[in-house]
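Chemist: Below are the structure tokens for one structure; questions will follow.
The values are calculated or read from the model by the stated rules, or taken from the named source; none is laboratory data. Everything numeric here is computed off the predicted structure, so don't read it as measured data. No Cβ is skipped: glycine too gets one built from the backbone with ideal geometry, and neighbour counts run over all protein chains shown.
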Amino acid sequence: MDKNILSLFQLCDSNFPTGAFSHSFGLESYIQDNLVTDQETFYRWLQVYLHEQLVYTDGLACSLVYEALSIEDFERIWELDRLLTVQNLPRETREGTQMIGSRMLKLAQTLFGFPILSKYNEEIRKKHSFGHPSIVFTMVAHGLGVSKTNAILYYLYSSISSMVQNGVRAIPLGQTGGQMIIHRFVSDLTKAVEKILLLGEEDFGIVSPGLELSQMKHERVNIRIFMS
Amino acid sequence: MGDWTGELSLDLENRNGKTVAGNVFFQGAFKVMRPIYHDDSGQVCYYLLNPGGGYLDGDRYRMKISAGEDSKVTLTTQSATKVYKTPKDHVYQESEILLKKGSYLEYLPDPLIAYENAHYKQKNVVRMESGSTFLYTDILTPGWSPSGEKFSYDTIQLKTEIYLDGKLGVFDHIKLSPEDNSVEGLGFMEGFTHLGSLMAVSEETDNQLLDELYDKIYSEQANIKFGLSKLAIPGLSIRVLANSTQIIERIFNDCHKIISRKLNHATPRSLRKY
């Protein structure tokens, strides 16, 4: 089991080449508007990003996809893939997420070779599905026998840690500052997972208007270091 | 849910260039006024109204609209939708809108005002055939509260699903619960009080239309925050945060003109109701 968790950690590493380092998910707009300027404001921004956006989208999707995998309800997974994509109204963020998802899928296929990954790839190739990192991640976690709770927790951890790396570069913050944020996020992540376990499909996709709007705004920013 | 406080169903069709109702049905606290033709384009305009003047505890409303091939329809309300306090049960409204090939339907309701302790849920399901055009706006405003807090309502929850040829193409879920989350602040309402959303779905959406809308909203002088983007299906969405209904209405009126000229090939008349 430890071996399997270790295998999943590889996907959580912010060096895992999915291209996530090119996407700020609206953070860059806040930095340019001088709303995120230091460790404290970045921490608050990340909290909203986690508790008000990721929880209702990627995080809840991990939970729902995991359940669908357990009963081999693949149609349900393709449905969630569509839902995740079409609820993401900002084009840049939607396309960016799709790119991250398909890169993660290719790598995961090479590394793990679970049949479900090829099935997902086939759906995407036929343009029936779009590709989303939270779905690929959950497929790998499920395939490795990692529990649902841990699958959600590690996914959220990997999202937050890669966002922290982006913040460190863009704000900029010192490496120690970045690590302090990740350390502070341990309890936030646990809380987020507890919340997700109480949510159902009817809660899916609740948006944070401000975050969403900044993700849209980013599409019109000329000087930028991130693709989204 | 069997007992509807108000029900409305309206089937519209194009008869020799004029859009007319093939079937009109309403009962309870939901009504539609007689059709109005603002010009000779054949586009019909219906004003929906709630004779009770507002939504009360536990009210349930249902609306079904269908726009037949090549029909042109404007749907609006006669005044703002007011949701009063709902101590026992939330207010629920569901709408189903069907658009056949070549039809143009715009649904432009007045703002939703949620008063103190109001809990409101809404679900819109739009089913489009390719070649049809749909435009939708909504404006959410906090009602006045005796305690003077900005956000005194309990919950406003709006779900919108747009299907194109049977496939889900847009899913939007807004849920504002001032008590559960710090709605006012960073990432959420960003210190603003009013939220406006606009969605347009049409095969004719292009970058030029987005640029034109962007430039128009960008020229707005009032303190606002906005974003616009292309949907996963041909179409666009706009979000506006502002501090008054009038500002969002002014912006959406301008957008309506631009979108209507491009997607309906017509300059819309003002829907002013007073």
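Chemist: Return a yes/no flag: does segment A:62-80 have any residue that is touching a Ser or Thr at 6+ places or on another chain (Cβ under 9 Å), over 18 Å from A:LEU156 (Cβ atoms), crowded, with 20+ Cβ neighbours inside 10 Å and within 13 Å of another protein chain (Cβ to nearest Cβ).
Modeler: No - not one qualifying residue is present in segment A:62-80.
Chemist: Now, a different point. Determine whether segment B:68-87 contains at least one residue that is on the phi > 0 side of the Ramachandran plot and in contact (Cβ under 8 Å) with a residue 40 or more places away in the chain.
Modeler: Yes, the conditions are met somewhere in segment B:68-87.
Chemist: Output yes when any residue across segment A:85-100 is out of contact with any Ser or Thr (no Cβ under 6 Å at 6 or more places or on another chain), β-branched (Val, Ile, Thr) and either surrounded by fewer than 21 Cβ atoms within 10 Å (Cβ to Cβ) or under 17 Å from A:HIS142 (Cα atoms) (or both), and no when none is.
Modeler: No, segment A:85-100 contains no residue that is out of contact with any Ser or Thr (no Cβ under 6 Å at 6 or more places or on another chain), β-branched (Val, Ile, Thr) and either surrounded by fewer than 21 Cβ atoms within 10 Å (Cβ to Cβ) or under 17 Å from A:HIS142 (Cα atoms) (or both).
Chemist: Quick one: would you say A:TYR120 is crowded, with 22+ Cβ neighbours inside 10 Å, touching a Cys at 6+ places or on another chain (Cβ under 6 Å) and not polar (S, T, N, Q)?
Modeler: So A:TYR120 fails the test.
Chemist: Would you pick out the residues in segment A:1-18 that are surrounded by 14 or more Cβ atoms within 10 Å (Cβ to Cβ) and under 16 Å from A:LEU107 (Cα atoms)?
Modeler: Listed by number, the residues that qualify are A:SER7, A:LEU8, A:GLN10, A:LEU11, A:CYS12, A:SER14, A:PHE16, A:THR18.
Chemist: Yes or no: segment A:204-227 includes at least one residue that is farther than 23 Å from A:ARG91 by Cα and modelled with pLDDT of 95 or more.
Modeler: no
Chemist: If you take the residues of segment B:32-46 that are more than 22 Å from B:LEU263 (Cα to Cα) and touching a residue at least 24 places away in the same chain (Cβ under 8 Å), which of them is surrounded by the most Cβ atoms within 10 Å (Cβ to Cβ)?
Modeler: Only one residue tops the list, namely B:VAL32.
Chemist: Please count how many residues of segment B:1-39 are within 23 Å of B:LYS123 (Cβ to Cβ) and outside any strand (DSSP E or B).
Modeler: 7
Chemist: Still on this structure, please answer the following. Of a type outside the set (Gly, Ala, Ser) and closer than 28 Å to B:SER237 by Cα: does that describe A:LEU69?
Modeler: The answer is no for A:LEU69.
Chemist: Against the definition (more than 14 Å from every other protein chain (Cβ to nearest Cβ), surrounded by 13 or more Cβ atoms within 10 Å (Cβ to Cβ), out of contact with any Cys (no Cβ under 9 Å at 6 or more places or on another chain) and assigned to a helix (DSSP H, G or I)), how does A:GLN215 come out, yes or no?
Modeler: no
Chemist: Can you say whether A:GLY101 is in contact with a helix residue (DSSP H, G or I) (Cβ under 6 Å, 6 or more places away or on another chain), part of a loop (DSSP other than H, G, I, E, B) and either more than 27 Å from A:MET216 (Cβ to Cβ) or more than 10 Å from chain B (Cβ to nearest Cβ) (or both), as far as the supplied structure shows?
Modeler: no
Chemist: Continuing with this model, one more query. Select from segment B:123-140 the residues that are part of a strand (DSSP E or B) and buried (at least 21 other Cβ atoms within 10 Å of the Cβ) and list them in ascending order.
Modeler: Correct list: B:VAL126, B:MET128, B:THR133, B:PHE134, B:LEU135, B:TYR136, B:THR137, B:ASP138, B:ILE139, B:LEU140.
Chemist: Let me ask something else. Note down all Cβ pairs under 6 Å where the first residue falls in segment B:134-161 and is without any contact (Cβ under 8 Å) to a residue 40 or more places away in the chain, the second is charged (D, E, K, R), and they're at least six residues apart or on different chains.
Modeler: Listed by first residue and then by second, the contacts come to B:SER145/B:GLU116; B:SER152/B:GLU116; B:GLN157/B:LYS121; B:GLN157/B:LYS175; B:LYS159/B:LYS123; B:THR160/B:ASP172.
Chemist: Do we have A:LYS217 as within 18 Å of the chain's Cα centre (by Cα) and among the basic types (Lys, Arg) here?
Modeler: no
Chemist: Limited to segment B:79-122, what total is found for residues that are in a loop (DSSP other than H, G, I, E, B) and within 22 Å of B:CYS45 (Cα to Cα)?
Modeler: 9
Chemist: Residue by residue through segment B:96-109, note down the ones that are on the phi < 0 side of the Ramachandran plot and surrounded by fewer than 22 Cβ atoms within 10 Å (Cβ to Cβ).
Modeler: Scanning segment B:96-109 gives B:GLU96, B:LEU98, B:LYS100, B:LYS101, B:LEU108, B:PRO109.
Chemist: Turning to a different aspect of this structure: In segment A:17-76, how many are over 18 Å from B:PHE171 (Cβ atoms), without any contact (Cβ under 8 Å) to a residue 12 or more places away in the chain and assigned to a helix (DSSP H, G or I)?
Modeler: Total meeting the criteria: 3.
Chemist: Which number in (1) within 14 Å of chain B (Cβ to nearest Cβ); (2) free of Cβ contacts under 8 Å to residues at least 12 places away in the same chain marks the one condition that A:LEU199 misses?
Modeler: (2)
Chemist: Can you tell me how many residues within segment A:105-143 are hydroxyl-bearing (Ser, Thr, Tyr) and within 19 Å of A:TYR157 (Cα to Cα)?
Modeler: 2
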